[in-house]
Amino acid sequence: MAAKDQVKALVFDVFGTVVDWRGSAIRELTAFGSARGLSHDWAQFADDWRGLYQPAMEEVRSGRREFTILDMLHRESLIKLLDKYAIKGLADHEVEHLNTIWHRLD
């Protein structure tokens, strides 16, 4: 049997290559902020948010934390950043809208 006949799957990680997470997040954060009169460095906010991903995942991977869905990890990181950037007074549905930016990536 040829090696090619033994291949069961080819898997590619396309996040950040085919998926424009950064541009999508910046665009959505900028629109969200503009609609509410919030002026921040949304590119830095997006980078900070993404920067919290690996540490949050490591807590789960290492077993220090039970399995937690990614939406919850993103939300916890978002709450930290809202505090860091002094963004206050958002309704729960507004926080949820921001948190689901990761569902609407180009």
* segment 1-30, subset among the charged types (D, E, K, R) and within 19 Å of the chain's Cα centre (by Cα), residue farthest from residue 103 (Cα to Cα) -> 13
* Asked: Which residue out of 87, 79, 101 is out of contact with any Gly (no Cβ under 6 Å at 6 or more places or on another chain), assigned to a helix (DSSP H, G or I), surrounded by 15 or more Cβ atoms within 10 Å (Cβ to Cβ) and among the β-branched types (Val, Ile, Thr)?
  -> 101
* **residue 63 vs. criteria open to solvent by less than 50 Å² (accessible area, probe 1.4 Å) and over 11 Å from the mean Cα position of the chain (by Cα)** => no
* Does any residue of segment 6-27 turn out to be of a type outside the set (Lys, Arg), at pLDDT 95 or above, touching a Ser or Thr at 6+ places or on another chain (Cβ under 6 Å) and not in a loop (DSSP other than H, G, I, E, B)? -> no
* Structure fact -> Of the residues in segment 48-106, those that are of a type in the set (A, V, I, L, M, F, W, C) and in contact with an Asp or Glu (Cβ under 9 Å, 6 or more places away or on another chain) number 9
* Hits in segment 66-76 (condition: part of a loop (DSSP other than H, G, I, E, B) and open to solvent by 50 Å² or more (accessible area, probe 1.4 Å)) -> 66, 67, 69
* Asked: Going through segment 17-53 one residue at a time, which ones are loosely packed, with under 11 Cβ neighbours inside 10 Å and more than 18 Å from residue 90 (Cβ to Cβ)?
  -> 17, 18
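The values are calculated or read from the model by the stated rules, or taken from the named source; none is laboratory data. Quick caveat: nothing in here was measured; it's all calculated off a predicted structure. Methodologically, a virtual Cβ is constructed for each residue, glycine included, from the backbone with ideal geometry; neighbour enumeration extends over all protein chains shown. Just the protein is used for accessible areas: all its heavy atoms, side chains included, with ligands, DNA and RNA removed. Shrake-Rupley method; radii C 1.70, N 1.55, O 1.52, S 1.80 Å.
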